[in-house]
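The values are calculated or read from the model by the stated rules, or taken from the named source; none is laboratory data. None of these values were measured; they are calculated from a predicted model. We place every Cβ from the backbone using ideal geometry, glycine too, and count neighbours over all the protein chains shown. Heads up: the accessible areas ignore ligands, DNA and RNA and are worked out on the full protein's heavy atoms, side chains in. Shrake-Rupley method; radii C 1.70, N 1.55, O 1.52, S 1.80 Å.
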Amino acid sequence: MSYNLRYYQNEAISTMRNLESGRSGVIALPTGSGKTVIFSDLSSKIDGRVLIVVPSKELREQAIEKLKAIDKDIDV
């Protein structure tokens, strides 16, 4: 399954990828805007490990589903 990202999702991903090395950033978006898709897409493009913290089992399962949908070979 692939996702067609919305313009603001692509913009958020581009902004995070263009941060200077060693810098961190935050993406804040409203409910239903596709934050899970954004961090899943970012995670699939990063070499190395990524820590994703969610507050509930339901959101953990949703995140795992999106991560695997974007990159079927990802180790979650």
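Just to verify a result, which residue in the range 7-47, among those that are among the basic types (Lys, Arg) and over 22 Å from Ile64 (Cβ atoms), is modelled with the highest pLDDT? Explain how you work it out, then say what you get.
Taking the range 7-47 first, the residues among the basic types (Lys, Arg) are 17, 23, 35, 45.
Remaining after also requiring over 22 Å from Ile64 (Cβ atoms): 17, 23.
Values: Arg17: 87, Arg23: 83.
This residue is Arg17.
Considering only residues that are in contact with a Leu (Cβ under 6 Å, 6 or more places away or on another chain) and more than 20 Å from Ile74 (Cβ to Cβ), which ones fall in the range 1-60?
Listed by number, the list holds a single entry, Gly25.
If you scan the range 42-60, which residues turn out to be in a helix (DSSP H, G or I) and loosely packed, with under 11 Cβ neighbours inside 10 Å?
Selection gives Lys57, Glu58.
Return yes or no: is Ser33 surrounded by 15 or more Cβ atoms within 10 Å (Cβ to Cβ) and either touching a Ser or Thr at 6+ places or on another chain (Cβ under 9 Å) or assigned to a helix (DSSP H, G or I) (or both)?
no
Pairs please, first residue from the range 4-29 and open to solvent by less than 90 Å² (accessible area, probe 1.4 Å), second anywhere and not hydrophobic (A, V, I, L, M, F, W, C), Cβ atoms under 6 Å, 6+ apart in sequence or on different chains.
Going by the 6 Å Cβ cut-off, the qualifying pairs are Gln9/Gly34; Ile13/Asp41; Met16/Gly25; Leu19/Gly25; Leu29/Lys35.
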